[in-house]
Structure formats: structure tokens, C-alpha cells
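The values are calculated or read from the model by the stated rules, or taken from the named source; none is laboratory data. In this text, all values refer to a predicted model and were calculated from it rather than measured experimentally. Cβ coordinates were reconstructed from backbone atoms using ideal geometry, including for glycine residues, and neighbour counts include every protein chain displayed.
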Amino acid sequence: MPLAPLGEREGIGLYHASPRDPVWEYVLSVRQAADCLQAQRQRVALIGHSHVACYFSRPNGDAAVEETIGEVAAGGTELQISDGRWLINPGSVGQPRDGDPRAAWLLLDTATQSATWNRTEYDVDGAAAAIRAARLPDSLAERLEYGQ
């Protein structure tokens, strides 16, 4: 059974890519995020696809597009998400693309309404060897070391 590119749990939107295009859209700019925040039904949504740990927010909920903010989220970044609208990318456990080769993951605490980004070391050389053994493009293995 294939995984669905979108869903919802505990009122949180879940999208492989974005609320506008659950499969293909890379959300990397504030302008794109503003459009996605407008399109999403939920106040908080998690996205992926770009492999970049980041977040976008409208602090005043449905305020003007110009009030949308966005930042890359380094490991250890912690946010209170109890107010406003949020579009959150946890990053990637495989193939991170934000310049940090460590696995990126998010702890989303729905009880305290907080989001905390974390980074974990992993066997980059072993992962690169597995990519090569599967005869995938060598560029996928090479960029692991650089988080690209």
C-alpha cells in the first residue's frame, strides 16, 4: 500500500511537499510559504520534500502576506507555536540539504505547543556505500558528506 502524500493528525496538517501540492512543491521562500499558509486548512502543518529544516509563520494568524516570516532551523531551535499559523519542515533524516550532514528531526509537542529541531550524527559513509551498492547515481552518495 503506497503512503499518502497528505493527512491530518490531532489537527496538524501533514504534507509530503506542501498544502498546495502535496507531492511536488519545494517550499523554500517566504512568498511560497505565504501562499501555502493561505491554502492550508489547519493552523499548523508539517511539510517536507525540500529536505531543509525550516519554518514559516504568520504570527497574527491570517495577517497580510507581508507579515509572513521564515527561517532555517538549526539543531536546538525551539519555538512556541501556540499562536499564529505555522508551516514547519522537520528537515531530513536522509539526504539533508541545508549544509548540515547530520540527520534532522523535529520533536513536536502538541501538549505544550512547541517545536524543537534536533540533529543526530549517523553513519554517512555507510549510507553512501549503500547508495553506491544500489547503483544509484554517485552524486547522491557524494552530497551526503556536505548536507547537500
Filter the range 82-116 for residues that are of a type in the set (V, I, T), at pLDDT 95 or above and within 11 Å of the chain's Cα centre (by Cα) and give the result. I88
Checked against (1) within 25 Å of Q32 (Cβ to Cβ); (2) modelled with pLDDT under 95, L79 satisfies every condition except (2)
What residue, of A45, A53, is of a type outside the set (S, T, N, Q), in contact (Cβ under 8 Å) with a residue 60 or more places away in the chain and under 25 Å from T120 (Cβ atoms)? A53
Wholly within the range 66-148, which strands (runs of 3 or more DSSP E) include no fewer than the required count, namely at least 1 residues that are surrounded by 12 or more Cβ atoms within 10 Å (Cβ to Cβ) and of a type in the set (G, A, S)? 69-72, 103-109, 114-120
Name the residue, out of A39, A34, A17, that is crowded, with 19+ Cβ neighbours inside 10 Å and over 12 Å from the mean Cα position of the chain (by Cα). A34
List every residue pair whose Cβ atoms lie under 9 Å apart, where the two residues are 6 or more positions apart in sequence or sit on different chains, the first residue falls within the range 62-82 and is farther than 21 Å from S92 by Cα and among the small types (G, A, S), and the second residue, located anywhere, is at pLDDT 90 or above and in a loop (DSSP other than H, G, I, E, B). A63/G84; S82/T112; S82/Q113
